[in-house]
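Below is one structure, written out as structure tokens, with a few remarks after it.
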Amino acid sequence: MEIRAGTELPARREPIELHTGDGLTLVGELAQPLDRPPVATLVTLHPLPTHGGFMDSHVYKKAANRLPALASLAVLRFNTRGTSSERGTSQGAFDGGEGERFDVAAALEYAEYHDLPRVWVIGWSFGTELALKWAHDPLVEGAILLSPPLHRATDDDLDAWARFGRPLTVLVPEFDDYLRPEEARERFARVPQAEVIGVEGAKHLWVGEPYVRIVLDEIVKRVNPAAYPLPTHL
């Protein structure tokens, strides 16, 4: 069987709620391997909700559909404040990346409280800004950024991540709308542990199964290299 865009492999999937330090309830889902404990955990931060980003944004939905089975990973997805999906609507209102600091903290606290292992933060577009600004937590082993615009995240945030010292992998589409590989290498040069990877032919939204596979492979290569490369058939 070929793994296609709509393939959903077996996993333990459960609806979850996150509770923020400023009193909001956020909705999400945790997907884990069906018959074994996860070897690591992905905490995903979605694209800009005012432009259609949510926990079901396609790369994250496909990660939850595949990676528990193929790479023994737990995948935690959630809607940031004021964001809606099929799972429901998180309380609160979009706050431009500032109040969302509590959302990131709530997700990490959930992972810690439930003993989820080896937490990596995955940020996509707006989610990369949240990762760079608010994911400096001792629980976090590293971060992987998809299509970082570097609008809200400043050089000060990059310097803070440099001091944080955790690995940072940055996947930059060749034809990104906001930040392309050459400029990304210049901007991220101030983070010594950052690895910037330009992806030929890709665009900001990673549309197309070949690009989704590249993203998921690069995530697995860092988080659970024993499962790399991911199979394309079962």
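The values are calculated or read from the model by the stated rules, or taken from the named source; none is laboratory data. Please read these numbers as outputs of a predicted model, since none were measured by experiment. With ideal geometry, Cβ positions are generated from the backbone for all residues, glycine too; neighbour counts draw on all protein chains shown. SASA here: full protein model, heavy atoms, side chains in, ligands and nucleic acids out. Shrake-Rupley method; radii C 1.70, N 1.55, O 1.52, S 1.80 Å.
Rounded to the nearest 0.05, the FRET efficiency derived from the C-beta distance between ALA5 and GLU109 at R0 = 30 Å is 0.35.
Remark: relative contact order (the chain) = 18 percent; criterion is Cα-Cα distance under 8 angstrom and separation of 6 or more residues.
In units of the rule-of-thumb radius 2.2 N^0.38 Å, region 139-231 shows an alpha carbon radius of gyration of 1.08. Where q = 0.14, 0.22, 0.25 Å⁻¹, what log10 of I(q)/I(0) comes from the Debye formula for region 30-134, counting one point per Cα? Debye intensities relative to I(0), on a log10 scale: -0.49, -1.18, -1.43.
By accessible area, using a 1.4 Å probe on protein heavy atoms only, the chain has 51% of its surface on carbon and sulfur. Where only DSSP H runs of four or more residues are counted, the chain gives -9000 deg cm²/dmol as its mean residue ellipticity at 222 nm, each run worth -39500 (n - 2.57). Taking every C-alpha pair closer than 8 Å and separated by at least 6 residues, the mean separation divided by the residue count of region 151-234 gives a relative contact order of 26 percent. With K and R counted +1 and D and E -1, the other residues having a Cβ less than 11 Å from that of PRO10 yield a net charge of +1. Enclosing the Cα atoms of region 115-163 in their convex hull gives a volume equal to 69 cubic angstrom per residue. Going 7 Å from the Cα of ASP155 in the Cα-to-Cβ direction, what parts of region 184-215 have a backbone nitrogen less than 11 Å from that spot? Only 187, 190 pass the distance filter. Per-residue Karplus couplings for region 36-49, computed as 6.51 cos²θ - 1.76 cosθ + 1.60 with θ equal to phi - 60°, are listed in order as 7, x, x, 8, 6, 10, 9, 9, 9, 10, 7, x, 4, x Hz, Gly and Pro entered as x. Note on the chain: GNM, Cα springs under 10 Å; of VAL215, VAL207, VAL59, the largest mean-square fluctuation is that of VAL207. Computed with a 1.4 Å probe over protein heavy atoms only, the accessible surface of region 1-103 comes to 39 Å² per residue.
Please state, as a whole number in µm²/s, the translational diffusion coefficient that the Stokes-Einstein equation yields for the chain at 10 °C and 1.306 mPa s, with Rh defined as the Kirkwood radius across alpha carbon pairs. It diffuses with D of about 91 µm²/s by this estimate. In order along region 19-33, the Karplus-derived 3J(HN,Hα) couplings, from 6.51 cos²θ - 1.76 cosθ + 1.60 at θ = phi - 60°, round to 10, 8, x, 9, x, 9, 10, 10, 9, x, 9, 10, 10, 10, x Hz, and Gly and Pro are given as x.
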